[in-house]
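Comments concern the structure below.
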């Protein structure tokens, strides 16, 4: 069950990092967000990824936890990229 939780955390972290980028904001929320909101999304995304790393290390041991976090981070980033690709195909908002 810890693996699914870590996958959720890494996917959420990367989604927030995408939300902090101006080029992805229209694809994710349909509009540009305020600079302050984008900055908060960036820091919260980094904090979530760091928390996932700490949880993986504490629960699975630092050797296995690091590998688990790297693998799940890769999967989480691919899921975020797939969601972003799917959303950008549906929403045709001029940039």
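What does the helix-only formula give at 222 nm for the chain: each DSSP H stretch with n ≥ 4 adding -39500 (n - 2.57), the total divided by the residues, and the result rounded to the nearest 500 deg cm²/dmol?
Numbers: 4 runs with 82 residues, N = 95.
It comes out at -30000 deg cm²/dmol, rounded to the nearest 500.
For the peptides 14-22, 43-51, what is the packing order when you average, over each peptide's residues, the other Cβ atoms within 10 Å and list the highest mean first? List each step's numbers first, then the result.
Working: 14-22: 19.1, 43-51: 15.3.
Ranked from most to least packed, the peptides come out as 14-22, 43-51.
What angle do you read, to the nearest 10 degrees and between 0 and 90, between the alpha-carbon axis of helix 35-60 and the longest principal axis of the chain?
Once rounded, the angle reads 20 degrees.
Using a 10 angstrom cutoff on alpha carbons, build the Gaussian network for the chain and name the most mobile of 41, 52, 82.
For the chain, modelled as a Gaussian network with Cα springs under 10 Å, the answer is 82.
Hey, with R₀ at 25 Å, roughly what FRET efficiency would residue 63 and residue 4 work out to, going by the Cβ-Cβ distance, to 0.05?
That gives a FRET efficiency of 0.75.
Output the relative contact order of the chain, whole-number percent, from Cα pairs under 8 angstrom with separation of 6+ residues.
39
If I model a spin label as a point 7 Å beyond the Cα along the Cα-Cβ vector, how far apart are those points for residue 54 and residue 32 in nm?
Inter-label distance under the simple model: 3.5 nm.
In which sequence would 36, 86, 42 go, from the one with the fewest C-beta neighbours within 10 Å to the one with the most?
Ranked by crowding around the Cβ, least crowded first: 36, 86, 42.
Of the listed values [x] 19.0; [y] 16.3; [z] 13.8, identify the label whose number matches Kirkwood radius over Cα pairs in Å calculated from this model.
[z]
Can you sort 80, 37 so the residue with the fewest Cβ neighbours within 10 Å comes first?
37, 80
Bear in mind that the values in this text are calculations on the coordinates, not laboratory data. Every value quoted in this text rests on a predicted model; they were computed, and no experiment measured them. Here the Cβ is made from the backbone with ideal geometry for all residues, glycine too, and neighbour counts use every protein chain on show.
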